[in-house]
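Here the structure is laid out as structure tokens; the discussion comes afterwards.
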Amino acid sequence: MINLSRTGTRMPVQAPEVRTDNFQEVAEGFTEEMAVREALRCLQCREHPCMTEGCPVSNHIPEFIKKITEGEYEEAYQILLQTTVLPAVCGRVCPKYLQCEGNCVRGGKGRPVAIGALERFVADLHRKRVQAGEIEEIPGSVAAVSSASEEQAAAGSKKVAVIGSGPAGLACAKDLASAGYAVTIFDREQVPGGVLAYGIPSFRLPDEVLAFEIDSLKAAGVTFEGGKELGKDISIDSLMKEQGFSAVFLGNGTGRPMGLGIPGSDLEGVCSAADFLDRLNAAGGDEAALKQVLPGEGTVLIIGGGNVAMDACRSAVRCPGVEKVAVVYRRSVKEMPADPAEVAEATEEGIEFIYLTAPLEVLGEGGRVTGLKCQKMELSDPDESGRRKPIPVEGSEFVIPASVVVEAIGSRSENDGLDGVELSQDKGLVVVDPETLSTSRAGVYAGGDTVTGPKTVIAAMGAGRKAAGEIDKYLRG
Ligand code: SF4
Ligand code: SF4
């Protein structure tokens, strides 16, 4: 029986006036009845473009959805584990409208099947059942690489180092551990997860959800060493020549924020979105700690139009005492790269959007921010790539009063730690063979943002899995 509803099942969310007072997850998840109803909308397409065109890790989408319609939720979870290590995370943070759901056949006439919400449903149910002692957590067997037992035994004598515990590193580590390699993840932070732990606010990804999926990785045999920074505490040379690692995967992301570089950017009250989100996450919803990050008076301005800008503005609006939050973006809403659902939720939360506006100077008094001098922009005709450039409108300068200015204009790689190591780089990004993800140094592979620049969590996971397969081939000669 197929559910022919074109509108689909909406996930319940906290009301805007309630959620702006807390850091609890906004989306509350499907109930069992909702999940089955939504799963019944899947047409079980033979070509299933949701999977082949839309999902960077090729989750078996029709297959796991079918299991939901049959009430076989744990089986649905096990199907997901064949291809992904973080289903509860991806179900929440993937830009699904561009990926699986953006390719769903049902999207042609109505709403696509809520694939992400269904993925999240089965992963959350699995976690709750393990936590309630109803089922045992069996280390999953993601297997992009060989997993025959005799090969596992051979692999067991080889050590692989993974640098960076973000999505690329976690995915690579899990596949290699499943194939029998002794895998250690090194990260400069003490808590694993990279951008997932430090960059995504808890109202989109609760700590508990990430911690459970990382624990299942540890249960699969992956060792984690925090507080180890590349170029400071460890180097590729020391790992390979002194510590006996046969291969290294670099998945250290692009954690260095870019700054506005305009006059006044060094004033107190100007910070990067990465730093801002990191400190707010560390505050963990505690009112006194939040007040230390954002004292509360005045307007918080977020500069930028991507998903990080959305995370920053929506975090700021939840801080006690903050009077107003506004996003300043130099193009129009049409060009804004942020997920439209995030923009809609931010708007519901009372965040103001100031479009076609570029910052010129941060103004201050006594060393502290008091405002932002801006200029209006208009858009050029589309260039060959179809992109419309913002052009300053003469004589349109104006000042927005502000107490805090958060720069959310992108990040770049942190490969300074590679200085002195023979590894080809281009503008700070590691150069790899696109087929094999191998770098210019034998045995060293790289993937995710450190190669491509900032992309999505699931694209990084896809690269991590691909690299694991290539490392396995390399180590088996
Ligand atoms: Fe969709 Fe992301 Fe899940 Fe793939 S991993 S099915 S893209 S939500
Ligand atoms: Fe189901 Fe949509 Fe995928 Fe078709 S494209 S199999 S309807 S999820």
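Every number in this text was worked out from the coordinates using simple rules, so none of it is lab data. The structure presented is a predicted model; accordingly, all values stated were derived computationally and were not measured. All Cβ positions, glycine included, derive from the backbone under ideal geometry; neighbour counts span all protein chains shown.
A few remarks follow.
- Each other residue within a Cβ distance under 11 Å of residue 30 adds +1 if Lys or Arg and -1 if Asp or Glu, for a net charge of -3.
- Dipole of the chain, positive end: most advanced residue of 463, 59, 357 [Cβ charges, Cα centre]: 59
- Cα principal axis extents for the chain, largest first, Å: 72, 61, 51
- Take the Cα radius of gyration of the range 361-402 and divide it by 2.2 N^0.38 Å, N being the number of residues; the result is 1.61.
- Aspartates and glutamates whose Cα lies under 18 Å from that of residue 232, excluding same-chain neighbours fewer than 8 positions away: 187, 189, 242, 414, 416, 419, 422
- At most 16 other Cβ within 10 Å, DSSP loop - trypsin sites (Lys or Arg not before Pro), the range 334-433: 387, 388, 427
- The magnitude of the dipole of the range 187-285, with charges of +1 and -1 set on the Cβ of Lys/Arg and Asp/Glu and taken from the Cα centre, is near 180 debye.
- With contacts taken as Cα pairs under 8 Å at a separation of at least 6 residues, the chain carries a relative contact order of 16 percent.
- Per-residue ³J(HN,Hα) for the range 51-67, Karplus 6.51 cos²θ - 1.76 cosθ + 1.60, θ = phi - 60°, Hz, x for Gly and Pro: 8, 6, 9, x, 9, x, 10, 6, 3, 7, 5, x, 5, 6, 5, 4, 4
- Each 5 Å bin from zero up to the one holding the largest Cα-Cα distance in the range 80-125 carries the following percent of pairs: 5, 24, 29, 23, 13, 5, 1.
- Volume per residue of the convex hull around the Cα atoms, evaluated for the range 374-474, comes out as 173 Å³.
- Cross-link partners for residue 334 among the lysines, with Cα-Cα distance under 17 Å and sequence neighbours closer than 8 places in the same chain left out: 376, 389.
- Of the trypsin sites (Lys or Arg not before Pro) in the range 1-71, those whose Cβ has at most 15 other Cβ within 10 Å and which sit in DSSP loop: 6, 10, 46
- Exceeding the 23 Å Cα-Cα cut-off - candidates 158/241; 324/373; 66/174; 174/473; 66/109; 66/218: 66/174; 66/218
- Bridging of residue 291 to aspartates and glutamates at a Cα separation below 17 Å is possible for 21, 268, 275, 278, 323, once same-chain residues fewer than 8 apart are set aside.
- Rg in Å to one decimal, and Dmax rounded to a whole Å, for the range 4-140 via C-alpha atoms: 14.7, 46
- Positive-end residue, the chain charge dipole about Cα centroid, Cβ charges, pick of 69, 321, 402: 69
- Other-chain or far-sequence residues with amide H under 5 Å of residue 324's (modelled H): 300
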